[in-house]
Each structure stands twice: as structure tokens, then as C-alpha cells.
Amino acid sequence: MKTVLLAAGIGQRLSEISGNKPKCLLQFGGISLLQRHLIILHHYGITGIIIVTGYRADLIEQEVGKSEAANLIQLIYNPAYEKGSIISMLTGVEALAADNDFLLMDADVLYDHRIIERLISTGNKNCFLLDRDFEPGEEPVKLCVRNGRLIEFRKKIDDNLHFDYQGESVGFFRFSKETADGLVQSAKDYLQRGEDKQPYEECIRDLLLSSPDSFGFEDITGLNWIEIDFPEDLDKAKNNILPNILQLK
């Protein structure tokens, strides 16, 4: 199995705290988010990792050089990284040339390694991760479930949508080769329409809504994780998440 890790963004909301470095180079417990990804993915037998870079790609390249898994890693530069995440997703998935299931992951997440174990071992060919324990608001990307099936995937949910429950998406996915082809075509369609500023999740949402029976999810409620977007996320990550994630032996 292979992985596409999206690490091209500027992370402008954290630029002063991060020293204008990519968010994946933020350190927790003396280890960068990027190194944590690489250690965990290597532990679970991921045989190839594509990292899509953009902003300060040189710093990410230096960090990758420190990894014991450096020979498994391919760095792909997206020169249009300022235009939005759809191009980064497209760049990574096209470079993957998927011939089997693969993982698609945001790089700015601190998480318990058992979350990856759930994605690796799931019986769903196309799998989302859902956490029911989340703070409502505009920022979380939400997954809505009705009768055991996913019916929506978006930040803003229609007030008239009926569902049994919802949770936050972790930003990690497992997809099949067929879904990779669909993501590539969807991304190209968005770009052709001039909608490059849309988040890459919209491409995934389109595939989900067009073929809901092809997608499933794992409920990872209770496993600790956090996406690092705001200064307050740094404090929560250090004080609440890091002390409560199970470390690899």
C-alpha cells in the first residue's frame, strides 16, 4: 500500500508561531509532525510515500533526509501550491499511478498511530474516518450518517438535511484504484471550470454523493488526534493530545 501526504500549504494562520515554516515541521515532543507520519507509516508497512510539497519545499526535503524511511519517499513539487489544495491532491494522486488501495492524508495532523491501523485493516475499499466527539462550528469538515451510510461530507451542512448523527473527518482516507481515477477526473473538472480555490474535499464529496454504496467509514471516536490550524490548536496538541496518544514501542 502507498500513501499520498499533502504538505504543500502555507499555513498562514500559524506563520508567526511556526517561524514561517510548513506546518508539518512543527515539533511535538521533540519530533516534527512529518517525522511522526513517516515513523508511523513505515511501522505499518507502507511501501511508498509521495509527499506533495509547495511552500518552503526545501525545508521539507531536509527533514525527509533525516528519516530512516527516506528511500521509500518521493517528493513531488506543486509550483501552484498557492492556488489551492485541489491541485496538490491532483499532483499527488497522478504521481501515485495507483495500482492498488492507497491512503490520502493531510500532513498537519497529530494523531494516535492506531488511527492508521484502522485504515489499514478496514474492510472498506473506500474509507473515511469519523470522530463523533468534536466541537461544532464552521471549521470541522463533517460527515453525516443516516441508516449506517454516509450521506454528506462538507464543512457547511444544509439545515434541511436529515441524518442520524455526524462526526468530524480526520483528513485521512483510504481509496481504491478506481476512486483514484475518479479523483483525478473530478479535480480536472474543477480546474477546467476555474474552481481551483475549492478544497480538495469537494472532489471526494462528489464521488461519495454519486456512489454512496462504494464508501464506508471507521468510527475512531476515543482515539486522540488534532489538525493544526490555529494557535490554540498548538496548545491543545501539546497539553491534551500528545500526553494521551499511544506511542509506538
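Brief remarks on what is shown
- Each Cα pair under 8 Å and six or more residues apart adds its sequence gap; the mean of these over the residue count of the chain is a relative contact order of 25 percent.
- 11 Å beta-carbon shell around Leu223, net charge (K/R +1, D/E -1): -4
- Reduced Cα scattering model of the stretch 131-178, Debye log10 I(q)/I(0), q = 0.18 Å⁻¹: -0.57
- Those GluC sites (Glu not before Pro) in the stretch 1-81 that DSSP places in a loop and that have at most 10 other beta carbons within 10 Å: Glu68
- Of the trypsin sites (Lys or Arg not before Pro) found in the stretch 26-91, those in coil by DSSP whose Cβ has at most 15 other Cβ atoms within 10 Å are Lys66.
- Checking the Cα-Cα distances for Lys23/Lys236; Lys21/Lys238; Lys156/Lys197; Lys125/Lys177 against a 20 Å cut-off, no pair goes over it.
- Dipole moment magnitude, nearest 20 debye, the stretch 2-244 about Cα centre, only Lys, Arg, Asp, Glu C-beta charged: 360 debye
- Against the rule of thumb 2.2 N^0.38 Å, how large the Cα Rg of the stretch 2-244 comes out: 0.95
- Net charge contributed by nearby residues that have their C-beta within less than 12 Å of Leu96 (K/R +1, D/E -1): -2
- Orientation-averaged projected area, Cα convex hull of the stretch 175-249 (nm²): 7.7 nm²
- Selection among Gln247, Val170, Gly84 by position relative to the dipole of the chain gives Gln247 as farthest towards the positive end (Cβ unit charges, Cα centre).
- Cα Rg over Rh - the stretch 121-249, Kirkwood: 0.98
- If only the Cβ of Lys and Arg carry +1 and only the Cβ of Asp and Glu carry -1, the dipole of the stretch 154-234 around its Cα centre is close to 300 debye.
Values quoted throughout were computed directly from the atomic coordinates according to the rules given, and no laboratory measurement underlies them. No experiment lies behind these values; they were computed from the predicted model shown. As a convention, Cβ positions derive from the backbone with ideal geometry for all residues, glycine included, and neighbour counts pool all protein chains shown.
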